[in-house]
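Everything below concerns the one structure shown next.
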Amino acid sequence: MNFKLRIWRQRDAKSRGKLVKYDAPDIPAQASLLEMLDIVNERLLLRGEEPIAFDSDCREGICGTCSLTVNGEAHGPDHPGAACELYMRKFRDGETIIVEPFRVKSFPVIKDLVIDRSALDRIVQAGGFISARAGSAPEANSIPIPKHDADLSMEAAACIGCGACAAACPNASAMLFTAAKVSHLALLPQGEPERTKRVVSMVQAMDAEGFGNCTNTYECEAVCPAEISASFIAKLNREYSKASLRRSAGE
Amino acid sequence: MIDQKSEPQSAAAATVRTKPRGLISDFCHSSVGRKMIVAVTGVILILFVIGHLLGNLQIFLGPEWINAYSQHLRDLGPLLWLIRAFLLTTVILHIYFTILLAIENRRARPERYIDRQYVKASWASRHMVVSGLVVLAFIIFHLLHFTGRKFNPQFPLLKLDPLNRYDVYSMMVYGFQNVYVSSFYIVGLFLLTLHLTHGSSSFFQSLGLNNQRLTPRLAIGGRILAWLLFIGYTSIPIAVLLGFIKPAQQL
């Protein structure tokens, strides 16, 4: 297959970037978008030009490292799935493909298509964990958990932290990410002791990072490669109001 | 290699507050809390819009009904002013917090996407500020028009009805006989309807009063409510323009 590419090139965090045109002829239809970029990069190297910088790791949709906006959609037009799971056969032969980084102020561009998503790590550091005694794994059924809660918790825990929710949100809000991280612990007995503090600190950290605010457009859940439902945002809102009430009662 | 020193710095970790700045203040400064204020004030305004329509539809029952209704409202005296003050406060809070959120949302994405496609976010959900501001302009005009009795040369000439009540019936008919005025009402109501197609289900999400099963049903219900309101409200100027309703007194 043959493609015309327009790819965001930016030398470093401080310089201004722009879209640069590339021709990508003879691309196998079974190549993923990232493999197509690999092929283009090899050809650039042979010509002595600087290859396009982009992030990737597992290339099977489970690590959340790739972070490309393809033709105006986070992770490209084949939802659900990360950019590494987007195959070139999904495009028309001869199509122009525009690749940009995730554009969120809190995800500054480091180079070309590579962005810094440590803002998400700092939200998790604010409370997205359990301060539990370290030790060997406990007996599997020592804490009974209803099936429904376990399933719901697992759905939230499927978040791979790629940041596509914030990238796709018209307001660059990271609510879906934060909601998933708050919810998967709030649904389990292990998360119960720190439930109040967790949601308040994580929302505070999210706000402090400069993300936008959720306006319930549900664009996030439409692009989420892990299919996290926006109803977890409603859960986050519930958790937050409960926590505010508990704190006002002095708990 | 990324140079540690040039890595984009975030002040977030340092600015996360460990001590509450006062619970109400904390709530009003958080993205989730602000959204809830917008949601609660929004619900109050939706209830007002429904009640206002039910009151106004009495025009189809004849002058006795609607004139008696407006006399009842006036007879409330100080209570009427209390209700007006409450509604005004609600509108101001709704707008104030929305604008605060909207400014943050703009700042959260300083560099726009060059190519942007929306998968799920509706036009109405992405243009709440614009539709809201047009509705605000409409409300101001509407209050000056029918409460302040401006813009219409016939209003000062209106006599009291046979039971010595203000003839609201004839005022509405003369007011809507002007095609330009009626058109502006219909445009204003159309924008209000768009605002409510998103707003009337969005508040369930902001207040955490939904789940995965309810959300799509609420979205449909919200759209139906918004369009029913549109049909109900616009039926009045359209009935007047088509001559189905004639003034109770000739001037």
I'm trying to understand the selection: among the residues of the stretch A:237-251, which are part of a helix (DSSP H, G or I) and more than 7 Å from every other protein chain (Cβ to nearest Cβ)?
A:Glu239, A:Lys242, A:Ala243, A:Leu245, A:Arg246
Pair list, Cβ under 6 Å, 6 or more apart: the stretch A:147-162 residue over 23 Å from A:Pro101 (Cα atoms) and in contact (Cβ under 8 Å) with a residue 12 or more places away in the chain, other residue assigned to a helix (DSSP H, G or I) and not hydroxyl-bearing (Ser, Thr, Tyr)
A:Ser153/A:His184; A:Ala156/A:Ala180; A:Ala156/A:His184; A:Ala156/A:Phe232; A:Ala157/A:His184
Could you tell me whether the stretch B:178-194 includes any residue that is farther than 23 Å from B:Phe244 by Cβ and within 14 Å of another protein chain (Cβ to nearest Cβ)?
yes
Taking the stated definitions as given, is A:Asn213 surrounded by 24 or more Cβ atoms within 10 Å (Cβ to Cβ), free of Cβ contacts under 8 Å to residues at least 12 places away in the same chain and not hydrophobic (A, V, I, L, M, F, W, C)?
no
Quick one: how many residues across the stretch A:77-125 are part of a loop (DSSP other than H, G, I, E, B), under 15 Å from the mean Cα position of the chain (by Cα), under 18 Å from A:Arg9 (Cα atoms) and not aromatic (Phe, Trp, Tyr)?
6
Looking only at the stretch B:22-49, count every residue that is in contact (Cβ under 8 Å) with a residue 12 or more places away in the chain, more than 11 Å from chain A (Cβ to nearest Cβ) and of a type in the set (S, T, N, Q) and tell me the total.
1
From the set of residues in the stretch B:196-211 that are surrounded by fewer than 22 Cβ atoms within 10 Å (Cβ to Cβ) and of a type outside the set (A, V, I, L, M, F, W, C), which is farthest from the other protein chains (Cβ to nearest Cβ)?
B:Asn211
Scanning for something in a helix (DSSP H, G or I) and surrounded by fewer than 19 Cβ atoms within 10 Å (Cβ to Cβ), does the stretch A:157-173 turn up at least one residue?
yes
Pairs with Cβ under 8 Å, 6+ apart, first in the stretch A:169-192 and in the same structural domain as A:Thr69 (by TED's automatic domain parsing), second assigned to a loop (DSSP other than H, G, I, E, B) and hydrophobic (A, V, I, L, M, F, W, C)
none
Using beta carbons and a limit of 6 Å, which pairs, at least six apart or on different chains, have the first residue in the stretch A:92-103 and under 20 Å from A:Ile52 (Cα atoms) and at pLDDT 95 or above and the second one among the aliphatic types (A, V, I, L, M) and assigned to a strand (DSSP E or B)?
A:Ile97/A:Leu5; A:Val99/A:Ile7; A:Val99/A:Leu68; A:Val99/A:Val70; A:Pro101/A:Val109; A:Pro101/A:Ile115; A:Phe102/A:Ile115
Can you pull out every residue in the stretch B:171-216 that is closer than 30 Å to A:Glu221 by Cβ, hydrophobic (A, V, I, L, M, F, W, C) and within 14 Å of the chain's Cα centre (by Cα)?
B:Phe190, B:Leu191, B:Leu192, B:Leu194, B:Leu196, B:Phe203
Unmet requirement for B:Gly188, which otherwise passes all of (1) under 27 Å from B:Val43 (Cα atoms); (2) at pLDDT below 90:
(2)
When you check A:Gly72 against the structure, is it modelled with pLDDT of 95 or more, more than 14 Å from chain B (Cβ to nearest Cβ) and surrounded by fewer than 21 Cβ atoms within 10 Å (Cβ to Cβ), yes or no?
no
Inspect the stretch A:199-209 for any residue being outside any helix (DSSP H, G or I), modelled with pLDDT of 95 or more and surrounded by 22 or more Cβ atoms within 10 Å (Cβ to Cβ) and give the result as yes or no.
yes
Among residues belonging to the stretch A:15-66 that are touching a Leu at 6+ places or on another chain (Cβ under 9 Å) and free of Cβ contacts under 8 Å to residues at least 12 places away in the same chain, point out the one that is farthest from A:Arg89 (Cα to Cα).
A:Glu50
Listed by first then second residue, the pairs whose first member lies in the stretch B:149-168 and is over 9 Å from B:Gln71 (Cβ atoms) and touching a residue at least 24 places away in the same chain (Cβ under 8 Å), whose partner is surrounded by 11 or more Cβ atoms within 10 Å (Cβ to Cβ) and β-branched (Val, Ile, Thr), with beta carbons under 8 Å and at least 6 positions apart or on separate chains, are B:Phe151/B:Val181; B:Asn152/B:Val181
Residues (touching a Leu at 6+ places or on another chain (Cβ under 8 Å) and part of a helix (DSSP H, G or I)) located in the stretch B:206-234
B:Gly222, B:Leu225, B:Ala226, B:Leu229, B:Phe230, B:Gly232, B:Tyr233, B:Thr234
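Here is a yes/no grid of residues against (1) β-branched (Val, Ile, Thr); (2) buried (at least 20 other Cβ atoms within 10 Å of the Cβ); (3) facing chain B (nearest Cβ under 10 Å):
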| position | (1), (2), (3) |
| --- | --- |
| A:Pro25 | no, no, no |
| A:Met36 | no, yes, no |
| A:Arg47 | no, no, no |
| A:Arg92 | no, no, no |
| A:Pro101 | no, yes, yes |
| A:Val109 | yes, yes, yes |
| A:Ser118 | no, no, yes |
| A:Gln125 | no, no, yes |
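The values are calculated or read from the model by the stated rules, or taken from the named source; none is laboratory data. All values reported here derive from a predicted model rather than from experimental measurement. Cβ: placed from backbone, ideal geometry, glycine included. Neighbour counts: every protein chain shown.
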